[in-house]
Amino acid sequence: MTAAEAIAAAARESAHFTQYAGRTNVGPHTLEQLDADLRNLIKAYPGRPVYPTFLELVELRNSAFELLEGRQYPAQSRDLYLVAGVTCGVMSNASFDLGHMEAAATQARTAYLCAELSGSEWLRTWVRGMQSLIAYWGDHFEEAVAFASSVRGHAAAQGSATVRLAGIEARAHARLGDAEGVETALEAAANARESALHPDEYAGMMAFPVEKQLFYGSTCQVWLGGEARLRRAAQDASRAISTFEQAPLRQRRVGEMCLARLDLAAARLGSGELDGAAEQVRTVFAEAANRRTDSVRRRLTQVRDQLQVPRVKTSPLAASLSDEIIEFCAPPPPAVTEGHSS
């Protein structure tokens, strides 16, 4: 081969690569539509039954995964990893709400990988919060603290995800009886709220509003206990409930508002106000009837444990309320498969 032929062949090879490398399986509106669909689901999530939303998230995640298996420009890949990561993060939350903790943990691990591949510090922070939350509700409180602290140095100015991370850590410290750790984490949450430089990349259920920050604080005070802390818990929980109730009905965070009510019920029980506690618990029965998340069931069970203490256990109201909680938290009967009868 002559020099001229070699140079011409090399040019043809480069041209062939240009044609190949320039191909993309992502159309001009594909990412825009995926992102819009995801934002709509995130916005609607708090007020909808969880399982139908979960199924829609599965379809959206599959679309993102299928595109990632093809070829696209690097910037498009990063955007797809972000969509896939956020979707898996919300699926983790949905699995958690439905009581499937292992599945929730798996979805969170996938979401964290996608966060790293997309280069999103915000998503890394949010997912670490999800992992901390799963550990917290699984009674692995030291693990919850470890998850929260693992990205503390990288979580600055990540919108309300940073506030959420510190709030979850505070609750884990409270379950460990670490009052100093609680106050340090609550102060970090307050500082993060003041210093957040960027709005939340995704709003809806992924945002951490002030009212949720308030009831996270009330949860801490309930678990630490003592007259002064129970008063503080009741005040914070009442403020949270009032703010939750101001949201339009379709956008109301039903599950979180119920948890705030149960904090208020627990604070009132701790102060000997059985009637006030019963009022809040029965309101939860009504509000959560169509959206019985696992965390509400677990929190109701914890309130029922409080009803077993000697000073209220003999009360007819305490006995009745305890039975009502058992009935509400009982798993629904299995659906009869079409074509079969019992």
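The values are calculated or read from the model by the stated rules, or taken from the named source; none is laboratory data. The structure displayed is predicted, hence computed values, not measured ones. Neighbour counts are summed over all protein chains in view; Cβ atoms, including those assigned to glycine, are modelled from backbone coordinates with ideal geometry. To get the accessible areas, we keep the full protein, side chains included, count just its heavy atoms, and leave off ligands, DNA and RNA. Shrake-Rupley method; radii C 1.70, N 1.55, O 1.52, S 1.80 Å.
Where only protein heavy atoms count, and the probe is 1.4 Å, what is the accessible area per residue for the stretch 241-282 in Å²? Before the final figure, lay out each step's value.
Values: 1770 Å² over 42 residues.
Ligands and nucleic acids excluded, the result is 42 Å² per residue.
At 222 nm, what helix-only mean residue ellipticity would the chain give, in deg cm²/dmol to the nearest 500, using -39500 (n - 2.57) for each DSSP H run of four or more? Mind showing how you got there, number by number?
On the way: 16 runs with 250 residues, N = 342.
So the calculated ellipticity at 222 nm is -24000 deg cm²/dmol.
With a 1.4 Å probe and all protein chains in place, put Arg299, Arg282 in order of accessible area, largest first.
Accessible-area ranking of Arg299, Arg282, largest first: Arg282, Arg299.
Using the eigenvalues of the Cα gyration tensor, what equivalent ellipsoid semi-axes result for the stretch 59-115 when each is taken as the square root of five times the eigenvalue, whole Å, largest first?
Values: eigenvalues 108, 19, 12 Å².
The three semi-axes for the stretch 59-115 are 23, 10, 8 Å.
Order Val254, Val182, most accessible first, counting only protein heavy atoms with a 1.4 angstrom probe. Write out the running numbers ahead of the final one.
Numbers: Val254 30, Val182 0 Å².
I get Val254, Val182, largest accessible area first.
Starting from the 7 Å offset along Cα-to-Cβ, what nm value, one decimal, do you get for the label separation of Glu327 and Arg297?
Distance between the two pseudo-spin positions: 1.8 nm.
Considering only C-alpha atoms, what is the centroid distance from the stretch 300-317 to the stretch 212-283, in Å?
If we compute the Cα centre of each part, the gap is 17 Å.
Just need the relative contact order of the chain here, percent rounded to a whole number, with Cα pairs under 8 Å and 6+ apart.
Details: 473 pairs, mean separation 43.8, N = 342.
In percent, rounded to a whole number, it is 13.
Where does the stretch 108-191 land on Rg(C-alpha)/(2.2 N^0.38 Å)?
On the way: Rg = 12.1 Å, N = 84, 2.2 N^0.38 = 11.8 Å.
It is 1.02.
Expressed as a whole percentage, what fraction of the accessible surface of the stretch 110-151 belongs to carbon and sulfur atoms when a 1.4 Å probe is rolled over the protein heavy atoms? Each step should come with its number before you reach the end.
Working: 740 of 1430 Å².
Ligands and nucleic acids excluded, carbon and sulfur reach 52 percent.
Stretch Met101-Arg78 to full length: gain in nm at 0.36 nm per residue minus the Cα-Cα span? Working shown, then result.
Values: separation 23, 0.36 × 23 = 8.28 nm, distance 2.82 nm.
That works out to 5.5 nm of additional length.
Compute the accessible area per residue over the stretch 108-197, keeping the other protein chains in place, probe 1.4 Å, unit Å². Each step should come with its number before you reach the end.
Details: 3550 Å² over 90 residues.
Accessible area per residue: 39 Å².
Once the dipole of the chain is set up with Lys and Arg at +1 and Asp and Glu at -1 on Cβ about the Cα centre, which of Ser242, Tyr73, Ala146 lies farthest towards its positive end?
Checked the options; the winner is Ser242.
Under the Kirkwood approximation for Rh and a Cα-based Rg, what ratio Rg/Rh is obtained for the chain?
Values: Rg = 24.3 Å, Rh = 22.0 Å.
Rg/Rh for the chain comes to 1.10.
Could you compute Rg(Cα) / (2.2 N^0.38 Å) for the stretch 217-342, with N its residue count? List each step's numbers first, then the result.
Values: Rg = 16.0 Å, N = 126, 2.2 N^0.38 = 13.8 Å.
Cα Rg divided by the expected 2.2 N^0.38 Å: 1.16.
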